[in-house]
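Undergrad: Just dropping this structure here.
The values are calculated or read from the model by the stated rules, or taken from the named source; none is laboratory data. In this text the structure is predicted, and so the values were computed from the model without any measurement. When we count neighbours, we look across all protein chains shown, and the Cβ atoms used for this are built from the backbone with ideal geometry, even at glycine.
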Amino acid sequence: MDTAPDFKSKGVNPQIHPHYDGNEISLGRSGRTLSPRVFPDLKQLKGKTLITTDGTTLLGADDKAGIAEILTACETVLQKKIPHGKICIGFTPDEEIGRGSEHFDVK
């Protein structure tokens, strides 16, 4: 899950931006913004609903979505009795700072 020394992990306050207008997005009162000049792919999301952090915490949605997809795939394999070999799944901490593998024993 998301951990990084620059951001706290408690009190996550997601912001919902319905019908994104294609302009710069203010991240709460943090003074941080998401700008299409810096992130050109934002332009492709015009008209969509975006969910962002308020700029004071990590949102963590990428990890949560990834874990949900992995577990859903496992559930599907089991429910549909799809033949498979040995399946091992591991989740590591600290992906943002590149130290998660230090806590993961693959033996």
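Residue by residue, here is whether (1) more than 24 Å from Asp21 (Cβ to Cβ); (2) surrounded by fewer than 10 Cβ atoms within 10 Å (Cβ to Cβ); (3) within 18 Å of the chain's Cα centre (by Cα); (4) not basic (Lys, Arg) holds:
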| site | (1), (2), (3), (4) |
| --- | --- |
| Val38 | no, yes, no, yes |
| Lys46 | no, no, no, no |
| Thr49 | no, no, yes, yes |
| Leu59 | no, no, yes, yes |
| Asp63 | yes, no, yes, yes |
| Ile70 | yes, no, yes, yes |
| Thr76 | yes, no, no, yes |
| Gln79 | yes, yes, no, yes |
| Arg99 | yes, no, yes, no |
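Undergrad: Any chance you could count how many residues in the stretch 89-107 are at pLDDT below 70, farther than 19 Å from Leu71 by Cα and either hydrophobic (A, V, I, L, M, F, W, C) or not in a loop (DSSP other than H, G, I, E, B) (or both)?
TA: 2
Undergrad: Name the pairs: first residue in the stretch 60-88 and assigned to a loop (DSSP other than H, G, I, E, B), second residue acidic (Asp, Glu), Cβ to Cβ under 9 Å, at least 6 apart or on different chains?
TA: Once the first residue is assigned to a loop (DSSP other than H, G, I, E, B) and sits in the stretch 60-88, its partners that are acidic (Asp, Glu) give Gly60/Asp2.
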